[in-house]
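First up is the structure itself, then whatever we jot down about it.
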Amino acid sequence: MASGSQKRSATLNLVLSGFLILWLVVAIFPFAWTFWGSFKVEGDFFSKASWQNALFGPLTRLEHGNAFTGAGYHGAWVKEEFWRAALNSFVVVVCVVVISLTFGTLGGYALSRSTYRYAFWLLLMALVFRAMPPLTLVSGYLLPFYQWNLWGHLPTAIIVLVAINQPFTLWMLTAFFRNIPKDLDESARVDGCTPFQAFRHVIIPVMWPGVITTGLFSFLLAYNDFVVTSMLLSKQNQTMIPKIASFLGTTQTEGNVMFAVSSVVSVTAPLFLLVMFFQRQIVSGLTAGAVKG
Amino acid sequence: MKHATFLRFFLPTATAMLLFIALPILSVLIQSVHVPHDRVVVEVENCTPFGCTKSTVIDQNATEKLRDEKPLGRFVGMAIYTDRSHLAFSELGEAWHRSASMGDFAARVMNLPFYRALAFTLTYMAVVTPLSIMLGFVVALAVNAIPRLMRGPIIFFSLLPMIVTPLVGALILFWMVDSRGILGAAVQWLVNDPNLSLKASTPLTWIMLLVYGTWSTAPFAFVVYYAGLQTVPQDSLESAMLDGATRWQRIRYIVLPHLMPLTVFMFLIKIMDNFRVFEPIVSFNAGAHAQSLSYFIYSDLGGETRLLSSAAATSVLTIAGVLVLLSPVLVRTWRQFGKA
């Protein structure tokens, strides 16, 4: 569009940049506002008197002697033991990503190399499974999990998240493996490798770009999950997102909504870093299915 | 690849999906036609020198025994599906006979919890999907027109509403529209009503949820369209310009047709995703004003009395809805890959 841009009129340019600025404000401002407000006391962030109190924090100054306070963070992380939830989240996310990528690469590789009809039907099944709302599945888990005493433990939530994640992982990785030429592993087979050796020595070294992109989405699914973790984990094993939801239930009455605000900021920070470092992979993953298909 | 090798590679993922997706669907189906056992009641006669009185007590042992023998509960067939909380056929029929006008009938139907949830879910789906796709398209056009150097940061910031945890993103907006938050205060100032609370009114709650939905899904449409715009054939654009096509005509007759397959793809995906809307209702604490099908299941499962059978019936109905929405996607995939 380089040649087009020279002909653009000044008014159009103005409208375009005005619209973009408006969009950016809509996209960023809520985050910036909440980040700034998380260092205030509740009376300022939720101010009856004037919205400007959230900017300058007169009550925060009164209570803490400074316009910024880490009281919300201290309350959430130390008093309410948000660190425990963060630890649980870390365990869940790492396990889900590792296990679902292991299962997914094996399965995706098999699907991409199979010439039989059932490979297509399996992919179609996976598509149906991907469309299932997680809550409908959760209502199926609860009764058996109670009966067999599986409810409440981290491994249960991990394996359920892995399973829910599989359909998407399979689709992404199958598409990715199809782009790796078949000649590579076939020539390894001709040289006397078993199928597993061919996978191990030929495919694994070249699969990392696709695996990293898929892994990012597995990470997001596990990290952002509320449905499975809130329904299947006991209080002790709660991850961060259900923990925030529980702050809302219990502490809103105590006037400690700032705990929730500061933990919301804490949860969002790693996602910022993730997008910052992996923007290219996320964009390519989002568009992979769409632009090609 | 041979069958045996295929099986060995595919076994882990197949087991995971079978155990934790296929079986739960089956389990939901079975649960939805059973209800928990009633407690076994026996009549005992207490005789005293002054006469005998009859009283009923709960036979704990028999109850335990019954529950152990048949943990699924009592088979009731389709009774749960047709009760007042679900399809409510008899209530529907009654409402049809009693109501004077269509509006009256609609109001009566909206009092039934399942139909209320269905109405919100469908509204959310029908409003958010096109709005977010249109917004994403316009942003993509605008970003595509600015110097390359600035695009990276803009894409970064545009991704945020989508990447952030749904529950968290909705909470952030919810705090801002609180009557003591900045957007809430701005709305109060705009309509000049200092007591206006967005949370207290049903229509305003719906609008807030729809705004959140559009905000959080527009980035996906933006990214997909932006990638699609890079593949628009430059020579067609240039020849159109030589023929004197205006900017609008070029978008209308070259860019839009080129992006049509993408638009169809996004519609299909987003309709399914928006049908599952759930987290924002929890964040907005809006259960009293707006329930989606997922939230309906969630509120049955939570709380003191876990209404597993009711949740299971709603789940089956939701799955049926998903399958209907999914059918065009399946047909499309079939045409693309299945013919070979």
Yes/no for residue A:180 being part of a loop (DSSP other than H, G, I, E, B) and either in contact with a helix residue (DSSP H, G or I) (Cβ under 7 Å, 6 or more places away or on another chain) or within 14 Å of residue A:106 (Cα to Cα) (or both): yes
Residue match in the stretch B:319-329 (condition: at the interface with chain A (Cβ under 9 Å from one of its Cβ atoms), under 18 Å from the mean Cα position of the chain (by Cα) and polar (S, T, N, Q)): no
Only listed residue being without any contact (Cβ under 8 Å) to a residue 12 or more places away in the chain, surrounded by fewer than 17 Cβ atoms within 10 Å (Cβ to Cβ) and not hydroxyl-bearing (Ser, Thr, Tyr), chosen from B:105, B:75: B:105
Matching residues, the stretch B:7-28, being more than 7 Å from chain A (Cβ to nearest Cβ) and among the polar types (S, T, N, Q): B:15
Qualifying helices (runs of 4 or more DSSP H) (wholly inside the stretch B:48-98; at least 2 residues being closer than 22 Å to residue A:140 by Cβ, of a type outside the set (Phe, Trp, Tyr) and at pLDDT below 85): B:60-69
Those residues of the stretch B:142-155 which are of a type outside the set (D, E, K, R) and farther than 19 Å from residue B:215 by Cβ, in sequence order: B:144, B:145, B:146, B:147, B:149, B:150, B:152, B:153
Failed criterion for residue B:31 (all others in (1) over 30 Å from residue A:127 (Cβ atoms); (2) within 14 Å of chain A (Cβ to nearest Cβ) hold): (1)
Residue A:130 vs. criteria within 19 Å of the chain's Cα centre (by Cα), among the basic types (Lys, Arg) and at the interface with chain B (Cβ under 10 Å from one of its Cβ atoms): yes
Output for the stretch A:145-161, where each listed residue is more than 7 Å from chain B (Cβ to nearest Cβ), surrounded by fewer than 17 Cβ atoms within 10 Å (Cβ to Cβ) and either touching a Gly at 6+ places or on another chain (Cβ under 6 Å) or under 16 Å from residue B:31 (Cβ atoms) (or both): A:146, A:148
Whichever residue in the stretch A:232-281 is in a loop (DSSP other than H, G, I, E, B) and β-branched (Val, Ile, Thr) and, among such residues, is modelled with the lowest pLDDT: A:253
Single match in A:41, A:98, A:92 (criterion: in the same structural domain as residue A:159 (by TED's automatic domain parsing), in contact with a Leu (Cβ under 7 Å, 6 or more places away or on another chain) and of a type in the set (A, V, I, L, M, F, W, C)): A:92
Boolean, residue B:201 is among the polar types (S, T, N, Q), under 15 Å from residue B:129 (Cα atoms) and in contact (Cβ under 8 Å) with a residue 40 or more places away in the chain: no
Verdict on residue A:65 being free of Cβ contacts under 8 Å to residues at least 12 places away in the same chain and either within 30 Å of residue B:16 (Cβ to Cβ) or among the small types (Gly, Ala, Ser) (or both): yes
Filtered residues of the stretch B:239-258 (kept if within 33 Å of the chain's Cα centre (by Cα) and crowded, with 18+ Cβ neighbours inside 10 Å): B:255
Test result for residue B:187, in contact with a Pro (Cβ under 9 Å, 6 or more places away or on another chain) and under 28 Å from residue A:15 (Cα atoms): no
Test: residue B:171 is under 29 Å from residue B:270 (Cα atoms), crowded, with 22+ Cβ neighbours inside 10 Å and in contact (Cβ under 8 Å) with a residue 12 or more places away in the chain: yes
Index of the failed condition, residue B:151 passing every other in (1) over 22 Å from residue B:307 (Cβ atoms); (2) assigned to a loop (DSSP other than H, G, I, E, B): (2)
Candidates A:142, A:87 - the one that is buried (at least 18 other Cβ atoms within 10 Å of the Cβ) and either outside the structural domain of residue A:198 (by TED's automatic domain parsing) or part of a helix (DSSP H, G or I) (or both): A:142
Residue check for residue B:51: away from chain A (no Cβ under 13 Å) and under 38 Å from the mean Cα position of the chain (by Cα): no
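Results for (1) more than 12 Å from residue A:260 (Cα to Cα); (2) away from every other protein chain (no Cβ under 14 Å); (3) of a type in the set (Ser, Thr, Tyr), shown as yes or no for each residue.
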position	(1), (2), (3)
A:45	yes, no, no
A:54	yes, no, no
A:59	yes, no, no
A:67	yes, yes, no
A:70	yes, yes, no
A:77	no, yes, no
A:81	yes, yes, no
A:86	yes, no, no
A:89	yes, no, yes
Failed criterion for residue A:74 (all others in (1) surrounded by fewer than 18 Cβ atoms within 10 Å (Cβ to Cβ); (2) over 30 Å from the mean Cα position of the chain (by Cα) hold): (2)
Matching residues, the stretch B:278-296, being polar (S, T, N, Q) and either more than 9 Å from every other protein chain (Cβ to nearest Cβ) or closer than 17 Å to residue B:318 by Cα (or both): B:291, B:292, B:294
Residue A:21, sole failed condition from (1) surrounded by fewer than 19 Cβ atoms within 10 Å (Cβ to Cβ); (2) touching a Leu at 6+ places or on another chain (Cβ under 6 Å): (2)
Flag if residue A:37 is farther than 30 Å from residue B:239 by Cβ, small (Gly, Ala, Ser) and modelled with pLDDT of 90 or more: yes
Matching entry among B:205, B:165 (being away from chain A (no Cβ under 13 Å), crowded, with 18+ Cβ neighbours inside 10 Å and within 26 Å of the chain's Cα centre (by Cα)): B:205
Only listed residue being assigned to a helix (DSSP H, G or I), outside the structural domain of residue A:258 (by TED's automatic domain parsing), surrounded by 13 or more Cβ atoms within 10 Å (Cβ to Cβ) and in contact with a Lys or Arg (Cβ under 6 Å, 6 or more places away or on another chain), chosen from A:34, A:60: A:60
For residue B:40: the one exception among (1) surrounded by 15 or more Cβ atoms within 10 Å (Cβ to Cβ); (2) out of contact with any Asp or Glu (no Cβ under 8 Å at 6 or more places or on another chain): (2)
Qualifying residue in the stretch A:210-231 (condition: assigned to a helix (DSSP H, G or I), farther than 29 Å from residue B:23 by Cβ and not aliphatic (A, V, I, L, M)): yes
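The values are calculated or read from the model by the stated rules, or taken from the named source; none is laboratory data. All figures in this text were calculated on a predicted structure; none of them were measured in a lab. Ideal geometry is used to build each Cβ from the backbone, glycine not excepted, and the neighbour counts take in all protein chains shown.
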